[in-house]
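Colleague: Structure incoming, see below.
The values are calculated or read from the model by the stated rules, or taken from the named source; none is laboratory data. Bear in mind the structure is a predicted one, so any value in this text is a computation, not a measurement. Positions of Cβ are backbone-derived with ideal geometry, glycine not excepted, and every protein chain shown enters the neighbour counts.
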Amino acid sequence: MATLRTSTITDEVLDFLATNPTPQQIIDFRASEMLQERLRYLLDQNREGVLTTQENSELDEMQHMNHFMAMLKARVRIKLMEQNELHS
């Protein structure tokens, strides 16, 4: 019997990076609407103090991947600025 597995933020980021995105595509990357809605739900549950252990782990994963992507986007922007300066 096959199990239905939902996509995690890590899955989405890895699938995206596996496409060999351009610098601009990296800068423009956003998680799917489904995962953004899930994040809003988890944040609401966290504010109310009713997260389960599994939901807390899921929220931690989302926060870690958000931080990773923010650092990646910042690095890409710096590289693009450096390239623009070389060509000026």
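Colleague: Exactly one of these conditions fails for D15: (1) loosely packed, with under 11 Cβ neighbours inside 10 Å; (2) charged (D, E, K, R); (3) over 30 Å from Q83 (Cα atoms). Give me its number.
Modeller: D15 satisfies every listed condition except (3).
Residue by residue, here is whether (1) at pLDDT below 95; (2) under 23 Å from V76 (Cβ atoms); (3) among the small types (G, A, S); (4) not in a helix (DSSP H, G or I) holds:
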site	(1), (2), (3), (4)
V13	no, yes, no, no
N20	no, yes, no, yes
Q45	no, no, no, no
E55	no, no, no, no
L59	no, no, no, no
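Colleague: Out of the residues in the range 28-43 that are in a helix (DSSP H, G or I) and within 12 Å of the chain's Cα centre (by Cα), state the one that is surrounded by the fewest Cβ atoms within 10 Å (Cβ to Cβ).
Modeller: This residue is E33.
Colleague: With the condition kept exactly as written, say whether any residue in the range 73-83 is within 12 Å of the chain's Cα centre (by Cα) and either in a helix (DSSP H, G or I) or surrounded by 11 or more Cβ atoms within 10 Å (Cβ to Cβ) (or both).
Modeller: Within the range 73-83, one or more residues are within 12 Å of the chain's Cα centre (by Cα) and either in a helix (DSSP H, G or I) or surrounded by 11 or more Cβ atoms within 10 Å (Cβ to Cβ) (or both).
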